[in-house]
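Coordinate-derived values only; no laboratory data. Remember, it's a predicted structure, so these values are computed and weren't measured experimentally. We place every Cβ from the backbone using ideal geometry, glycine too, and count neighbours over all the protein chains shown.
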């Protein structure tokens, strides 16, 4: 069968996001810097205030400033390693609590939100539980055991732990679910578009093969018959003019039939009617047309037909006629000293078997390079769920054997 080569990669489906989203999606580093700056400025200002007012020892304030700078730097890596950054910031928060009494860093809600958006609800809830447990233990140590904090600070930290952190985690998980849902929809739409374009490419390739096969069979068979008949007319024109006139009439008939078939094939390309047959439908005279051509070209024809053809559809009859035409054409074109052909047609339930043999002596197309005609026979047989074989016949000559089945009979077979 003819292989189809995939063309250029399909164009990705364009999805227009909400108006405020493109800037955030196109410039994630700008957003990360803005978040880091939003954390650095107020936190550093608080530590500087403690340093200036002397509410805590100066070294504690300097430690707070240093930790603020480290946490700010870690925030720039939150997208790549959200859980690692969250764990590091939680640990640094304990150090900050031991130094300044401020355990809950403003970066924790941001990091929990990031874990929710990028890793899903499960890891986000687990991270929330770990952070809440570590923060509660740290608050107990800092504010109660060491006495570094105040009752107001403890209450504020507890409020942040039980309200802000869960809300940030929930919001991040919901946003992440929505993003993954939208991404799945986009991927599904892109996949559907790729499949549609692939189907269109395959349909175009199949249509090209169909038209090429039909034109080859019509033109090849007609020209071969005309050449052979015109040679006979030229030979008999002087001695047997009546036979020559009959040959000219036969050439005229063959040419007109070929012209009608060509118009039918080309008309199917211009028609937008999906119900119109893409190939000419065969009629009950499908068998006589190619055999009459063979007889007119000087071949003796022996034809045996077994069974009734009423169960075969029009498309099966049309393919059978084209196959028989191609077999006759091959004999006229390639069979040296051929004097006759033997045709056996066996009608089956919803299909038929065609066996054609000639008595020529010339070599035929190599099996590895069957040519367009034999390839067309194989394609027609495959289209009707059958098979086709051709080769040298035992005792001389060349044979073609084809099996054709209608779609209904092929589905009924086990």
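Taking neighbour Cβ counts within 10 Å as the exposure measure, how do 236, 319, 58, 406 sort from fewest upward?
Ordered by Cβ neighbours within 10 Å, fewest first: 58, 236, 406, 319.
Computed FRET efficiency, Cβ-Cβ of residue 53 and residue 175, R0 30 Å: what is it to the nearest 0.05?
0.15
Going by C-beta contacts inside 10 Å, put 380, 60 in order with the fewest on the left.
The fewest-first ordering by Cβ neighbours comes to 60, 380.
Obtain the nm distance between the two label points defined at residue 182 and residue 339 by a simple spin-label model: each point lies 7 Å from its Cα along the Cα-to-C-beta direction.
Reported label-point gap for residue 182 and residue 339 is 8.4 nm.
If you stretched the chain out fully between residue 347 and residue 162, how much longer would it get, using 0.36 nm times the residue separation minus the C-alpha to C-alpha distance?
Taking 0.36 nm per residue and subtracting the Cα distance, the gain is 58.2 nm.
Stretched out fully, how many nm does the piece from residue 203 to residue 266 gain, at 0.36 nm a residue minus the Cα gap?
21.0 nm
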